[in-house]
1. Projected onto the charge dipole of segment 117-158 (+1 at Lys/Arg Cβ, -1 at Asp/Glu Cβ, origin at the Cα centre), which of ILE117, ALA151, CYS130 gives the Cα projection farthest towards the positive end?
2. Computed FRET efficiency, Cβ-Cβ of THR71 and ASP99, R0 22 Å: what is it to the nearest 0.05?
3. Residue by residue through segment 143-154, what is 3J(HN,Hα) from phi via Karplus (6.51 cos²θ - 1.76 cosθ + 1.60, θ = phi - 60°)? Round to whole Hz and write x for glycine and proline.
4. Do me a favour and compute the ellipsoid semi-axes for the chain from its Cα gyration tensor, root of five times each eigenvalue, largest one first, whole Å.
5. So if I place +1 on the C-beta of Lys and Arg and -1 on the C-beta of Asp and Glu, and nothing else carries charge, what would the dipole magnitude of the chain be about its Cα centre? I want it in debye, nearest 20.
6. What residues qualify as long-range amide H neighbours of TYR90, i.e. H under 5 Å apart, gap of 5 or more or another chain, H built at 1.01 Å from N?
7. For a quick protection proxy, order the peptides 193-199, 29-35, 276-282, 40-46 by their average other-Cβ count within 10 Å, most packed first.
8. Hey, what angle do you get for helix 290-302 against the long axis of the chain, alpha-carbon based, 0 to 90 degrees rounded to 10?
Amino acid sequence: MSVAVGVTVHSLTAYPVTTVGTPEQQEALLPGMLSGDQLGAYCLSEPLAGSDIGSMTTRAVAEGGGDGEPTAYRLRGRKAWISHAGHADYYTTFARTSDEEGRGLSCFVVPADAPGITFGTPERKMGLHCDTVREVMYDDVPVDASRRIGAEGQGMAIALAALDAGRLGIAAAATGLAQSALDLAAGYAQERQQFGRPIAANQGLAFLIADMEAAVTSARATYLHAARLKDAGRAFSKEAAVAKLTATDAAMRVTTDAVQVLGGAGYTEDFPAERYMREAKVTQIFEGTNQIQRLVISRHVLR
């Protein structure tokens, strides 16, 4: 699951360059980003700006350029909950370039070797232990203006569009996690004997397996539907939120049920069920909490 999350986070870091970067930026940056040799970090959240990214305080101060375009920026601030922090080759960073509401944020691709970048202690998480998460601190970090992606003030739109795509990655990863938990539970239920027969022969447990299968199948259908809309160039924001909500809630439910099917064995580290359950929980939180997904969905429907 850590690898799957790492892939979707890395994809997020390349999304701004892919969608709004100039041809020169795409030629300079995308070969490395897409080569498999580089790892990116997506720096959006802050200690006091999680779901409310409009309250971001990290600031990019323009330098040079006189009355025209800036030639460089200085980044100051702090980002929180950043996957790959300390290991990434570049940091796709959102920072405030003005205080204009809704249009005050801009996007930058910051090289990892830029002076002034430091990192906090890795978070001690309950799951996804292969996914290093830390704070990223910017202390007057110099960034050339050629690494600003899009226009000044376009950062909010870029970030929200990228999250739509990122939610599909999380939905897919959560579905795979739920499928693994279901496969484990179904296999165990056919091998574990009680009262002279496999526990799968008990209707109560068989129905639980059926509900788990229905949840996994529903999750897979919602993210594939949203992904097909995206591939076709059609609007998919609502469907991405539905997929993220459905798939991650399913993962939490199915992994919890897998622990139940395995009984006491499921509560031990001898089987992966407990790890699946721990890793499922965060999928309901990152890339927009599932409460935020419900807000996104309701706004689309009621619009």
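1. The one lying farthest along the dipole's positive direction is CYS130.
2. Values: r = 22 Å, r/R0 = 1.01.
Rounded to the nearest 0.05, the efficiency is 0.50.
3. Result, rounded to whole Hz: 9, 5, 4, 5, 9, 7, 9, x, 7, 4, x, 8.
4. 41, 20, 16
5. On the way: 28 positive and 34 negative charges, 185 e Å.
In debye, rounded to 20, the chain gives about 880.
6. Sorted by chain and number, the residues that satisfy this are LEU39, ALA41, ALA112.
7. Put in order of decreasing packing, that is 40-46, 276-282, 29-35, 193-199.
8. Once rounded, the angle reads 80 degrees.
Readers should treat all values here as calculations from the given coordinates under stated rules, not as data from a laboratory. As the structure is a prediction and not an experimental result, all values here were calculated from the model. Please note: Cβ atoms are built from the backbone with ideal geometry, for glycine as well, and neighbour counts cover all protein chains shown.
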